[in-house]
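Colleague: The following block contains the structure, expressed as structure tokens.
The values are calculated or read from the model by the stated rules, or taken from the named source; none is laboratory data. Just so we're clear, the structure is a prediction, and the values are computed from it rather than from any experiment. Virtual Cβ from ideal backbone geometry, glycine too; neighbours counted across all protein chains shown.
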Amino acid sequence: MKHILIGTAGHVDHGKTALIRALTGIETDRLAEERSRGITIDLGFAHMTLPGGEIVSIIDVPGHEKFIKNMLAGAGGIDLVLLVIASDDGVMPQTREHLGILQYMKATDGIIVLTKADLTDEDWQDMICEDITVAVGDSFLKDAPIVRVSSHTGQGIQELKSLIAAKIKNAAAKNITVPFRLPVDRVFSAEGFGTVITGTLIEGKLCQGDEVTVYPDSATGRVRSLQVHGGQVEVAYAGQRVAVNISGIRREVILRGHVLAAGGTIQPTPMLDVKLSVLSDSPREIKTGSRLHFHFGTQSALCKAMLIGHDKLIPGQTAYAQLRFAEDIAIKNGDSFVIRFYSPIETVGGGIVLNSAPKKYRRAQSTQVIEALKNLEKGDTGTQIHQTITSLGGTCLPDEIRKRFGFTADIFAKEIDALLTQGRVIEIGRYLMTDSFYASLADKISSQLKAYHQENPLHQGMRKEELRSRVLPGHKSGFFDEILQRFDTLVYVRDGRVSLCGFEITYTSEQRQIRDAMLANLIKGGFTPPTIDDLLNMNDMQKSATRKKDAQAVLDALLAEGAIIVPEPGIIFAAETINHARATLQSLASQGDGTVTLAQFRDGVLTSRKFALSVLEYFDRAGFTRKLGDSRVLL
């Protein structure tokens, strides 16, 4: 079953409220000030039953220029527009302004209602209809029927109802497969019930008992009860006017402009990449840096427009832009919006959100940014997801994408599975990565390691954390470990160092002599080894800067390849000596009760207490032994 929302539009005092009263019998002016002044100030709501039995919701919006902000709060999600024009006035300023607003709010169908037909003759009405045809000629209403009515006498009301019934048969059904979203237009406390909000459900379905989140502040609660058209329901659907009784959220934390949605489906943002258009009859142009009033759903916020590839937009022009806000707003990719000039406050255009979580751009990046935004605007869903991951740096968590598009988990999984099958996206651990970023990452790693090996031929490889900081800054070590595992045919990881596969340490003949001499000295020293300074200064190497540099490089290489062990700063052993110490411990433990004291180990390897303790503490850290009182036990 389709749930249709009808909205009025038009200049002040052209009879919108009277028309709704004639159609539905409901008075939508609920405020005392509205009744006393005879004009609509805030949104009004009604419903009616059509000849075929369908029940439709109707929104009555203010027509006065001072209340355009309120009109914008009710213009989203309208399926059928009733553009109301009084026959005694004709097309007026707010007629044109409302028409421009509706264009940007994705209105696609409507009926033009010529009201106050009882006050003018047919010839005059014919002339007004000609003016109307010209005024709507470039809009979605260019082929719309014009119905002449009198809310006072009832003329044309039944004809209008029949025409509405015929129109809604062709109206597209709202999408109820996505997570629900409801822009808040009213919030109040009801005695015995607590917090109640009202709004038009623009997506999905909302059920009694559902957990809900109010964005952008992310307060959470639960649906206690629902009302549609004044009656209790268990489920409300997109296209319906809904009153939601919420538990767990205080009335004071919810405002008009907030959005009620499923948890984790919206990522509040202070910036948007958009396609921005200026009305052809706009009284203003937009320049880079222009301050604007931004309107989506019931939200209204100030922003600064940074045009991309343009310095200014004149009436009728379109360009990509980045809108920057002073506070977070709750919006998704694909949403349409309206913009009004900062001062004087006049409607100047609107557009569509392409990227709800962009990064700031530099002017020099305009060409590549425009290309990326073209992909977001014109590409299929897969291309848009791919481009969004690219805009997030090439890799991101899946939820970062899902929130931008508002997909359900099932729909999102299907889209991602398709991209994985095509090879356009790679899944590594919990992250998604584009194919191009994956390839560039492999190139970066290869390039960094190749340069490192050339500069450090005696090093086993670059320290893993250093490599991560160069090729994938901002990501954690665990994620980088998973990436290196995927590149196992490219790189080799050992002892916290990364090298290219196939790399081998290569010594010059002189370095080989130094290496052999160092190992010989360490093995000869056994458990009373020479100091590091002794090794670096042997054979008068201090007399040659080159030989001393070679000696340090050889020492680093021996450590990297595991030929020597440094159990603590300043103490160094040959790996062969450490292996002998391990065998000695095992032998001593097997001869007694399984424990070995420091003194027993010291005497067993014929060394001093200092060196014996250093080795035992190294074994503790390595997980070979565990200290138990004054002894060690093997693990």
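Colleague: Taking into account only those residues within the range 511-526 that are aliphatic (A, V, I, L, M) and without any contact (Cβ under 8 Å) to a residue 40 or more places away in the chain, which is nearest to ILE565 (Cα to Cα)?
Modeller: My answer is ALA520.
Colleague: Inspect the range 212-224 for any residue being small (Gly, Ala, Ser) and more than 29 Å from ALA326 (Cβ to Cβ) and give the result as yes or no. Break it down stepwise before answering.
Modeller: Going residue by residue through the range 212-224, those that are small (Gly, Ala, Ser) are 218-219, 221.
With more than 29 Å from ALA326 (Cβ to Cβ) added as a condition, the list becomes none.
No; the residues of the range 212-224 include none that is small (Gly, Ala, Ser) and more than 29 Å from ALA326 (Cβ to Cβ).
Colleague: Among the numbered conditions (1) out of contact with any strand residue (DSSP E or B) (no Cβ under 6 Å at 6 or more places or on another chain); (2) over 30 Å from GLY90 (Cα atoms); (3) at pLDDT 90 or above; (4) aliphatic (A, V, I, L, M), tell me where ALA173 comes up short.
Modeller: Tallying (1) out of contact with any strand residue (DSSP E or B) (no Cβ under 6 Å at 6 or more places or on another chain); (2) over 30 Å from GLY90 (Cα atoms); (3) at pLDDT 90 or above; (4) aliphatic (A, V, I, L, M), ALA173 fails exactly one: (3).
Colleague: Shifting gears a bit: Mind listing whichever residues of the range 482-494 are of a type in the set (Val, Ile, Thr) and part of a helix (DSSP H, G or I)?
Modeller: ILE483 - this is the single residue of the range 482-494 that is of a type in the set (Val, Ile, Thr) and part of a helix (DSSP H, G or I).
Colleague: Separate question: Going residue by residue through the range 308-329, is there one that turns out to be in a loop (DSSP other than H, G, I, E, B) and crowded, with 23+ Cβ neighbours inside 10 Å? Even if it seems obvious, please write down each step before you answer.
Modeller: Narrowing the range 308-329 to residues in a loop (DSSP other than H, G, I, E, B): 309-311, 314-317.
Next, from what is left, pick out any that are crowded, with 23+ Cβ neighbours inside 10 Å: none.
No, that holds for no residue.
Colleague: Name the residues in the range 141-179 that are more than 24 Å from ASP123 (Cα to Cα) and more than 32 Å from the chain's Cα centre (by Cα), would you? Steps first, please.
Modeller: Filtering the range 141-179 for residues more than 24 Å from ASP123 (Cα to Cα) gives 161-162, 164-179.
Of everything in the range 141-179, those that are more than 24 Å from ASP123 (Cα to Cα) and more than 32 Å from the chain's Cα centre (by Cα) turn out to be LYS161, SER162, ILE164, ALA165, ALA166, LYS167, ILE168, LYS169, ASN170.
Colleague: Taking into account only those residues within the range 344-366 that are free of Cβ contacts under 8 Å to residues at least 24 places away in the same chain and assigned to a helix (DSSP H, G or I), which is nearest to LEU307 (Cα to Cα)?
Modeller: That would be ARG363.
Colleague: Another question, then. Identify, from the list GLU427, GLU504, the residue that is in a strand (DSSP E or B) and free of Cβ contacts under 8 Å to residues at least 60 places away in the same chain. Please lay out each step first, then the result.
Modeller: On the way: GLU504 fails: in a strand (DSSP E or B).
GLU427 is the lone residue from the list that is in a strand (DSSP E or B) and free of Cβ contacts under 8 Å to residues at least 60 places away in the same chain.
Colleague: Out of the range 218-264, which residues are touching a His at 6+ places or on another chain (Cβ under 7 Å), in a loop (DSSP other than H, G, I, E, B) and not small (Gly, Ala, Ser)?
Modeller: HIS229, GLN240
Colleague: Another one. Could you please tell me which pairs satisfy a Cβ distance under 9 Å, a separation of 6+ or placement on different chains, a first residue in the range 110-139 that is surrounded by fewer than 14 Cβ atoms within 10 Å (Cβ to Cβ) and at pLDDT below 95, and a second residue that is assigned to a loop (DSSP other than H, G, I, E, B) and of a type in the set (A, V, I, L, M)?
Modeller: Matching pairs, first to second residue: ASP131/VAL91; VAL134/VAL91.
Colleague: Would you confirm whether any residue within the range 173-192 is buried (at least 16 other Cβ atoms within 10 Å of the Cβ), closer than 18 Å to ALA46 by Cβ and aliphatic (A, V, I, L, M)?
Modeller: Checked against the condition, which is being buried (at least 16 other Cβ atoms within 10 Å of the Cβ), closer than 18 Å to ALA46 by Cβ and aliphatic (A, V, I, L, M), the range 173-192 yields no hits at all.
Colleague: Now a separate question. Taking the range 282-307 on its own, how many of its residues are part of a loop (DSSP other than H, G, I, E, B) and under 15 Å from TYR361 (Cβ atoms)?
Modeller: Our first condition is that a residue be part of a loop (DSSP other than H, G, I, E, B); within the range 282-307, this holds for 282-285, 288-290, 297-298.
With under 15 Å from TYR361 (Cβ atoms) added as a condition, the list becomes 288-289.
Residues meeting the conditions: 2.
Colleague: Only one residue in LEU201, LEU182 is aliphatic (A, V, I, L, M), farther than 23 Å from LEU23 by Cβ and under 29 Å from the mean Cα position of the chain (by Cα). Which one?
Modeller: Numbers: LEU201 fails: farther than 23 Å from LEU23 by Cβ.
Of the residues listed, the single one that is aliphatic (A, V, I, L, M), farther than 23 Å from LEU23 by Cβ and under 29 Å from the mean Cα position of the chain (by Cα) is LEU182.
Colleague: In the range 65-92, what residues are farther than 13 Å from LEU5 by Cβ and either in contact with an Asp or Glu (Cβ under 6 Å, 6 or more places away or on another chain) or modelled with pLDDT under 85 (or both)?
Modeller: So the first thing to find is which residues in the range 65-92 are farther than 13 Å from LEU5 by Cβ, and the list is 65-73, 83-92.
The answer is GLU65, LYS66, PHE67, ILE68, LYS69, ASN70, MET71, LEU72, ALA73, GLY90, VAL91.
Colleague: A further question follows. For VAL147, are the conditions met, namely being closer than 30 Å to ASP13 by Cα, surrounded by 14 or more Cβ atoms within 10 Å (Cβ to Cβ) and in contact with a helix residue (DSSP H, G or I) (Cβ under 8 Å, 6 or more places away or on another chain)? Step through it out loud before you land on a result.
Modeller: On the way: closer than 30 Å to ASP13 by Cα: yes; surrounded by 14 or more Cβ atoms within 10 Å (Cβ to Cβ): yes; in contact with a helix residue (DSSP H, G or I) (Cβ under 8 Å, 6 or more places away or on another chain): yes.
Here the answer is yes, as VAL147 does meet what is asked.
Colleague: Got at least one residue in the range 405-412 being touching a strand residue (DSSP E or B) at 6+ places or on another chain (Cβ under 6 Å) and more than 20 Å from ALA330 (Cα to Cα)? Give the steps one after another, and end with the answer.
Modeller: Of all residues in the range 405-412, those touching a strand residue (DSSP E or B) at 6+ places or on another chain (Cβ under 6 Å) come to none.
No - not one qualifying residue is present in the range 405-412.
Colleague: Name the residues in the range 603-624 that are part of a helix (DSSP H, G or I) and under 13 Å from PRO529 (Cα atoms), would you?
Modeller: Let us first name the residues in the range 603-624 that are part of a helix (DSSP H, G or I), namely 603-605, 609-622.
Once the filter is applied, which keeps residues that are part of a helix (DSSP H, G or I) and under 13 Å from PRO529 (Cα atoms), the range 603-624 yields VAL605, LYS610, PHE611, ALA612, SER614, VAL615.
Colleague: In the range 273-281, is there at least one residue being at pLDDT 90 or above, assigned to a strand (DSSP E or B) and polar (S, T, N, Q)?
Modeller: Scanning the range 273-281, I find at least one residue that is at pLDDT 90 or above, assigned to a strand (DSSP E or B) and polar (S, T, N, Q), so the answer is yes.
Colleague: If only one of PHE337, PHE296, PHE341 is surrounded by 24 or more Cβ atoms within 10 Å (Cβ to Cβ), in contact (Cβ under 8 Å) with a residue 12 or more places away in the chain, aromatic (Phe, Trp, Tyr) and closer than 18 Å to SER280 by Cα, which one is it? Walk me through how you get there before you give the answer.
Modeller: Values: PHE296 fails: closer than 18 Å to SER280 by Cα; PHE341 fails: surrounded by 24 or more Cβ atoms within 10 Å (Cβ to Cβ).
After applying the criteria, what remains is PHE337.
Colleague: Here is a list: ASP533, ASP550. Which entry is surrounded by fewer than 16 Cβ atoms within 10 Å (Cβ to Cβ), at pLDDT below 90 and not in a loop (DSSP other than H, G, I, E, B)? Reasoning before the result, please.
Modeller: Details: ASP550 fails: surrounded by fewer than 16 Cβ atoms within 10 Å (Cβ to Cβ).
Sole residue among the options that is surrounded by fewer than 16 Cβ atoms within 10 Å (Cβ to Cβ), at pLDDT below 90 and not in a loop (DSSP other than H, G, I, E, B): ASP533.
Colleague: For residues that are of a type in the set (D, E, K, R) and either assigned to a strand (DSSP E or B) or under 24 Å from the mean Cα position of the chain (by Cα) (or both), scanning just the range 449-481, find the one that is surrounded by the fewest Cβ atoms within 10 Å (Cβ to Cβ).
Modeller: Step one: filter the range 449-481 for residues of a type in the set (D, E, K, R), giving 450, 455, 463-466, 468, 470, 476, 481.
Now drop any that are not either assigned to a strand (DSSP E or B) or under 24 Å from the mean Cα position of the chain (by Cα) (or both), which leaves 463, 476.
Numbers: ARG463: 15, LYS476: 9.
Across the range 449-481, the extreme among qualifying residues is LYS476.
Colleague: Which count do you get for residues in the range 47-64 that are at pLDDT 80 or above and among the small types (Gly, Ala, Ser)?
Modeller: 1
Colleague: Can you go through ILE266, ILE308, ILE246 and tell me which one is within 30 Å of VAL196 (Cβ to Cβ), of a type in the set (A, V, I, L, M, F, W, C) and touching a Ser or Thr at 6+ places or on another chain (Cβ under 7 Å)?
Modeller: Working: ILE266 fails: touching a Ser or Thr at 6+ places or on another chain (Cβ under 7 Å); ILE308 fails: within 30 Å of VAL196 (Cβ to Cβ).
Sole residue among the options that is within 30 Å of VAL196 (Cβ to Cβ), of a type in the set (A, V, I, L, M, F, W, C) and touching a Ser or Thr at 6+ places or on another chain (Cβ under 7 Å): ILE246.
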